[in-house]
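Participant: The structure follows.
Taken together, the values in this text are just the output of simple stated rules run on the coordinates, not laboratory data. Predicted model, so just to flag it, every value in this text is computed and none were measured. Neighbour counts run over all protein chains shown; Cβ positions are idealised from the backbone, glycine included.
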Amino acid sequence: MRPRAFDEEQALDAAMRVFWEKGYEATSLSELTEKMNIRKPSLYAAFGDKRELFSRSLDRYTAKHLAYIKRVLERENAVIPAFRSLLYDLAEGGSAGDPALGCLAVLTLDELAPQEAAWTEKAWAHQLRLAELFRSKIDEGLQSGELAQGQDAEALGNALLASVIGLTVMLKTLPNPTFIESTISATLTLFEEAES
């Protein structure tokens, strides 16, 4: 078997970006091969069909996004500064540097649920992993005394997740700076009220 004449990781990143920008249904094979800088036979040989390529792109996105969220949360030891940093980082475009992209997992849920059960399951699993990261950070704040004992870490983590999902949708559909700022402020109030 001949070695591939292209970088598979770069090609997958390019495909992920196209799906992220356009969604699954609106993305054509021609667009994919153009952005990936490969021919259709190479796409099929390396990635299978469009469905398989999307599935791998979604896996790649969720892995990268989860790592990005972890990095942002680890920049700050304290809970409120960590979540403030995360929310403002997302408002500036997050890992992609482009707020208009939103979140591929959320976009997948919006576009393809419930008719694509496997992708819906992957996208929801990603959201649940994010909620777990948030809960873990909140637990740190409870243990350190930053947050008052008796706070429900799971409920606060879920509320933050809902806010993050809403924020990413708004950034893609109606990026109004005043709305974004007020959403971030209101979300942080949940944690400020939980301070000890």
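Participant: For the range 58-192, state the semi-axes of the equivalent ellipsoid (square roots of 5 times the eigenvalues of the alpha-carbon gyration tensor), sorted largest first and rounded to whole angstrom.
Facilitator: Output for the range 58-192: semi-axes of 24, 17, 13 Å.
Participant: Of the residues ILE38, ILE165, ILE184, which exhibits the maximal mean-square fluctuation in a Gaussian network model of the chain defined by a 10 Å Cα contact cut-off?
Facilitator: Looking only at ILE38, ILE165, ILE184, the largest GNM fluctuation is found for ILE38.
Participant: Sum up the charges of everything whose Cβ sits under 10 Å from the Cβ of THR62, counting Lys and Arg as +1 and Asp and Glu as -1, but leave THR62 out. Write down the numbers at each step before the final one.
Facilitator: Details: positive: ARG60, LYS64, LYS122, ARG129; negative: ASP59.
So the environment of THR62 carries a net charge of +3.
Participant: Here's something else I'd like to know. If you add up the charges near VAL72, with Lys and Arg at +1 and Asp and Glu at -1, over every other residue whose beta carbon is less than 15 angstrom from its beta carbon, what do you get? Write out the running numbers ahead of the final one.
Facilitator: Details: positive: LYS64, LYS70, ARG71, ARG75, ARG84, ARG129, LYS137; negative: GLU74, GLU76, ASP89, GLU92, GLU140.
Summing Lys/Arg as +1 and Asp/Glu as -1 gives +2.
Participant: Could you work out the relative contact order of the range 76-159, using alpha carbon pairs under 8 angstrom and six or more residues apart, expressed as a whole percent?
Facilitator: On the way: 52 pairs, mean separation 20.1, N = 84.
Over the range 76-159, the number comes to 24 percent.
Participant: Name the long-range amide H neighbours of LEU147: under 5 Å, sequence gap of 5 or more, or other chain; modelled H, no Pro or chain starts.
Facilitator: Answer set, sorted by chain and number: LEU142, SER196.
Participant: Excluding PRO175 itself, calculate the net charge of residues whose Cβ lies under 12 Å from the Cβ of PRO175, where each Lys or Arg counts +1 and each Asp or Glu counts -1. Show your work: numbers first, answer last.
Facilitator: On the way: positive: LYS172; negative: GLU92, ASP98, GLU181.
Once positives and negatives cancel, what remains is -2.
Participant: Between 0 and 90 degrees, rounded to the nearest ten: what's the tilt of helix 50-74 against the longest Cα principal axis of the chain?
Facilitator: Result, in degrees: 30.
Participant: Taking the 0 to 90 degree range and rounding to the nearest ten, how far is the long axis of helix 153-173 tilted relative to the main principal axis of the chain, both from C-alpha atoms?
Facilitator: 50 degrees
Participant: Out of the trypsin sites (Lys or Arg not before Pro) in the range 1-109, which ones are loop residues according to DSSP with at most 13 other C-beta atoms within 10 Å? Could you put the intermediate results ahead of the total?
Facilitator: Working: sites: ARG4, ARG17, LYS22, LYS35, ARG39, LYS50, ARG51, ARG56, ARG60, LYS64, LYS70, ARG71, ARG75, ARG84; in loops: ARG4, ARG39, ARG75.
Answer in residue order: ARG4, ARG39, ARG75.
Participant: Ok, one more. Longest span of the chain, sites excluded, free of GluC sites (Glu not before Pro) in DSSP loop with at most 14 other C-beta atoms within 10 Å? Don't skip to the answer; put the middle values down first.
Facilitator: On the way: sites that count: GLU25, GLU92, GLU193.
Between the exposed loop sites, the longest stretch runs 93-192.
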